[in-house]
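The values are calculated or read from the model by the stated rules, or taken from the named source; none is laboratory data. Given the structure is predicted, the values throughout are model-derived calculations rather than measurements. We place every Cβ from the backbone using ideal geometry, glycine too, and count neighbours over all the protein chains shown.
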Amino acid sequence: QSVLTQPPSVSGAPGQRVTISCTGSSSNIGAGYDVHWYQQLPGTAPKLLLYGNSNRPSGVPDRFSGSKSGTSASLAITGLQAEDEADYYCQSYDSSLSASYVFGTGTKVTVL
Amino acid sequence: QLQLQESGPGLVKPSETLSLTCTVSGGSISSSSYYWGWIRQPPGKGLEWIGSIHYSGTTHYNPSLKSRVTISVDTSKNQFSLKLSSVTAADTAVYYCARQIISLATFDYWGQGTLVTVSS
């Protein structure tokens, strides 16, 4: 069971803005650990989308942005495109007794 | 361009040991800036970190799997490996290897993944 909770699905029409939340606790996001986001297209490996809460690796469009506040983080996709239809995962570090790198439950983005 | 490639049996019997190797090309595994990790994804489910290793041999394991996991590194071959013992059907998953930036705690390069099925 993941310690980072995401909505199972979000959807939007092309051109719209969608956001995905990632809710943690005081032992992970709330403890100050960075949040990273991955995009997983169908049948492929995850790809790093954002690191350090809001930084885009080279080649990632600026339509993708991230933020973090308190025990939560969020990923926003503006100007939604058909190619954005994928699963998205947040990731952080948890310093509880079961200290480990943790992933969110995942969110399926559907472009209507 | 850094590339990672998983290899190993696609079918393992229950109670046996799952063994996978990740071959790194286009870069050296012997960099102090990175860990090299294993992540798995059961069919239709989310991602689970298994563990990571530094080229020096330092390891970090997911506490939930620690008793069954061994990760090792072979710098001469630019490879690192995963062994998961006493497997059950619950260990059926796509197994990914990935590079982990130590300072950022994020996985920036991933292999394509390999499906391992546990079945008799």
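Structure notes:
Residue-by-condition table, conditions (1) within 11 Å of another protein chain (Cβ to nearest Cβ); (2) surrounded by fewer than 19 Cβ atoms within 10 Å (Cβ to Cβ); (3) not aliphatic (A, V, I, L, M):
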| position | (1), (2), (3) |
| --- | --- |
| A:GLN39 | no, no, yes |
| A:TYR51 | yes, no, yes |
| A:VAL60 | no, yes, no |
| A:ARG63 | no, yes, yes |
| A:GLY70 | no, yes, yes |
| A:ALA73 | no, no, no |
| A:ASP84 | no, no, yes |
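- Residues of segment A:88-98 include at least one that is acidic (Asp, Glu), within 14 Å of chain B (Cβ to nearest Cβ) and more than 15 Å from the chain's Cα centre (by Cα).
- Filtered residues of segment B:38-76 (kept if among the hydrophobic types (A, V, I, L, M, F, W, C) and in contact (Cβ under 8 Å) with a residue 60 or more places away in the chain): B:TRP38, B:ILE39
- Scanning segment B:90-110 for residues being of a type in the set (Ser, Thr, Tyr), more than 11 Å from the chain's Cα centre (by Cα) and facing chain A (nearest Cβ under 10 Å) gives a total of 3.
- In segment B:55-89, residue modelled with the highest pLDDT [restricted to those that are buried (at least 20 other Cβ atoms within 10 Å of the Cβ) and within 14 Å of chain A (Cβ to nearest Cβ)]: B:ILE71
- Selection count, segment A:11-44, where residues are more than 15 Å from A:GLY66 (Cβ to Cβ) and among the β-branched types (Val, Ile, Thr): 1
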